[in-house]
Amino acid sequence: MKDKVVWVTGAKGGLGTSVTQRLLDSGATVVGSSRSIQAADFPHPHFVALPVDFTKGEAVRTMADEIASRFGKIDALVHLLGGFAGGSSVAETSDATWQQMRDLNLTSAFHVLRAVIPHMRNEQRGRIVAVGSLAAAEPHAGLGAYVTFKTALATLVRTVALENRDANVTANLVLPGTMDTPGNRASMPKANFAKWVRPDDVASLILWLIADQAAQVNGVAFPMPER
């Protein structure tokens, strides 16, 4: 990944920490973004922290322009940003939960994809990988808002793949089951953590998808079920 510029959204989260560190270890220049992130989160000479609210379309567009201007390109986008809320039937889902799941799991992705694609098309190359959820493969009772927008995310990314294959821009998805992150362990302390998907395994797949070896892989959703 030497000389590659990779923009990682949600770089500070449970999965984001693994992905960002693996990218830095591979030699990439990583621009890490979330609402709250700073250089001290990843003390590495090739890490740049740029905080942004991904629900604000113009702010995201400005950020993409800034990255492209500073580095001359954006080789890859790794979109990890998302959120989870569940436990209510559709009839009992509040407006606040619906809007939160929409903003975190779909609107944020739309904003960053719309902002990045023109720069990749200008370079006639680019790699996009978004992390969704294995839950998006089928409906789940009590997870209506979450599954709806994760499913929409998958459709959005695969549409981007179709629209930009003429410019050598690929877009793929990784759909993990429950991941072994500190947050998930805290919320489900009695679960069997050994069966969960390891963030480092997800990071390995992401690195392969944005490498030159995966140039022919486009519009594919990769499931990563629990063991």
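The values are calculated or read from the model by the stated rules, or taken from the named source; none is laboratory data. Keep in mind the model is a prediction, meaning the values are calculated, not measured. With ideal geometry, Cβ positions are generated from the backbone for all residues, glycine too; neighbour counts draw on all protein chains shown. These area figures cover heavy atoms from the full protein model, side chains too; ligands, DNA and RNA do not enter into them. Shrake-Rupley method; radii C 1.70, N 1.55, O 1.52, S 1.80 Å.
Annotation: of all residues in segment 54-83 being in contact with a helix residue (DSSP H, G or I) (Cβ under 6 Å, 6 or more places away or on another chain) and assigned to a loop (DSSP other than H, G, I, E, B), the one that is modelled with the lowest pLDDT is 83.
From 60, 78, 90, which residue is touching a strand residue (DSSP E or B) at 6+ places or on another chain (Cβ under 8 Å) and in contact (Cβ under 8 Å) with a residue 40 or more places away in the chain? Quick ask: steps written out before the conclusion?
On the way: 60 fails: touching a strand residue (DSSP E or B) at 6+ places or on another chain (Cβ under 8 Å); 90 fails: touching a strand residue (DSSP E or B) at 6+ places or on another chain (Cβ under 8 Å).
Testing whether each residue is touching a strand residue (DSSP E or B) at 6+ places or on another chain (Cβ under 8 Å) and in contact (Cβ under 8 Å) with a residue 40 or more places away in the chain leaves just 78.
Is it the case that segment 176-183 has a residue that's part of a helix (DSSP H, G or I) and either modelled with pLDDT under 90 or surrounded by 17 or more Cβ atoms within 10 Å (Cβ to Cβ) (or both)?
At the first step, the residues of segment 176-183 found to be part of a helix (DSSP H, G or I) are 182-183.
Restricting the remaining residues to those that are either modelled with pLDDT under 90 or surrounded by 17 or more Cβ atoms within 10 Å (Cβ to Cβ) (or both) gives 182-183.
Yes: segment 176-183 contains one or more residues that are part of a helix (DSSP H, G or I) and either modelled with pLDDT under 90 or surrounded by 17 or more Cβ atoms within 10 Å (Cβ to Cβ) (or both).
Criterion applied to 18, 36 was being part of a loop (DSSP other than H, G, I, E, B), hydroxyl-bearing (Ser, Thr, Tyr) and touching a residue at least 12 places away in the same chain (Cβ under 8 Å), and the one residue passing it is 36. Checking segment 158-173 against the condition returns no match, with no residue being touching a Pro at 6+ places or on another chain (Cβ under 8 Å), open to solvent by less than 20 Å² (accessible area, probe 1.4 Å) and closer than 17 Å to residue 81 by Cβ.
Please work out if residue 124 is at positive phi and open to solvent by 50 Å² or more (accessible area, probe 1.4 Å).
On the way: at positive phi: yes; open to solvent by 50 Å² or more (accessible area, probe 1.4 Å): yes.
So residue 124 fits the description; yes.
Of everything listed in (1) open to solvent by 20 Å² or more (accessible area, probe 1.4 Å); (2) part of a helix (DSSP H, G or I), the single unmet condition for residue 203 is (1). The residue of segment 189-200 that is farthest from residue 75 (Cα to Cα), among those that are open to solvent by 50 Å² or more (accessible area, probe 1.4 Å) and outside any helix (DSSP H, G or I), is 190.
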